[in-house]
Structure formats: C-alpha cells, structure tokens
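Enquirer: Before anything else, here's the structure in question.
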Amino acid sequence: MSDVTTSTARLPMHEPLLRQSRACAVFACLSPAVRGELDRAIVNRDPPTYREIHAKFRLAEQGVGYWSLYRYARKLRLNADLLHLAQLTAPDEPDLLAALPKLLAQRLFQALLYEDNASPSELHRLTYAYRAGSNAALAREKLTAARATAGQCVQGNLRDNLLKLLVSQHSTAAEAQTSRSPAEAD
C-alpha cells in the first residue's frame, strides 16, 4: 500500500517537468540562429500555416514535434499581435488624462480580440471605464477651450482699455500743450 501512495505522489511532481520539456522543445532542440529565423517566419506568417512552417524548417528531423511548435507559435503570434496593437494605440502624450482613453481602448480591444474567457461583466466594466475616461478627456478639452476664449476676451478688453488710456493721455497732453500761453512756450 505504501508503494501505491509513493508512486501516485511522484506523478504530480514529475508532471510539470514533462510539460516543460515538451513545451520547451523549440528552445532545447534549435540553435538561436534557427530559432530567430523561425520566429520571423511565425510572426510574418511566411508560410501562413503551422504545418507548412514545421515542414519548411524540417523541425521533425530536429526533434521538435508539431504540437510543441503549435503552442510556441501561438504564444509568439499572440504576443506579436498584442505588441502591434500597443504600438498602434500607444499614447503620444505624457498627460495621463489625455492618454487614459487610448489605454482603456487598448485594454478593451485586447479583451475582445484575444481573451476567450472574458466575461460580459468584465467587458461592461472596461466599456464603462473607456466611456468615463473619454468623457473626462472631452470635458477637459472643453474647459481648456473655454478658458482660452475667456483669456482672449480678457486680453482683448485689456488691450482696448490700454489703447483708450493711451489715447486719452495723449489727447490730454495735446490739450495741455495748446492751452499754454505763448509766453510760457518761450
């Protein structure tokens, strides 16, 4: 009876090692140069199918099974697609409030396109957060525009007032000069 318990106790310990060795066959069996070419072919989809990639690089001869390649290539393509999406939606501004809608949109697209287990409540929360972030950014833009137009009005009124003051000072100085007597002028 103790043999049965020790044999069943050993299976779970070795199982992760077996999974790692199968999943890492691409790393263990290929040189970095070949793996670089393989990565480029996978990401560029040249050839487009995993079977064609497996045949083109003769991976069976090098000890890499089709399913190992499949798992490796699927993760690699997913990460490449996420990186591409991040580059497309990356914020150009250091201002967080302006960048927030883009970041939330990126997270929402990621959940919609790549997550099979995204729940409706998670999608609802992301959509609500995106809407709130967009509304906050829009409200800030409107406030900034309103302040800019109010500033222009204040600056315009200030300029008009300064011009009026200069004109009035000039006219009073001219009146004072004309009102002086000829004796004072000599």
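Just so you know, all these numbers are worked out from the coordinates, no wet-lab data involved. Keep in mind that this is a model prediction, so the values were computed, not measured. Cβ coordinates were reconstructed from backbone atoms using ideal geometry, including for glycine residues, and neighbour counts include every protein chain displayed.
Enquirer: Please work out which one of (1) in a helix (DSSP H, G or I); (2) exposed (fewer than 11 other Cβ atoms within 10 Å of the Cβ) is the condition Arg58 fails and give its number.
Expert: Looking at each condition in turn, Arg58 falls short on (1).
Enquirer: Ok, one more. Please identify the pairs in which a residue from the stretch 27-55 that is surrounded by 15 or more Cβ atoms within 10 Å (Cβ to Cβ) has its Cβ atom under 6 Å from the Cβ atom of a residue that is in a loop (DSSP other than H, G, I, E, B), counting only partners at least 6 apart or on another chain.
Expert: Close Cβ pairs (under 6 Å, with a partner that is in a loop (DSSP other than H, G, I, E, B)) amount to Cys29/Gln62; Cys29/Gly63; Cys29/Val64; Leu38/Phe57; Ile53/Pro47.
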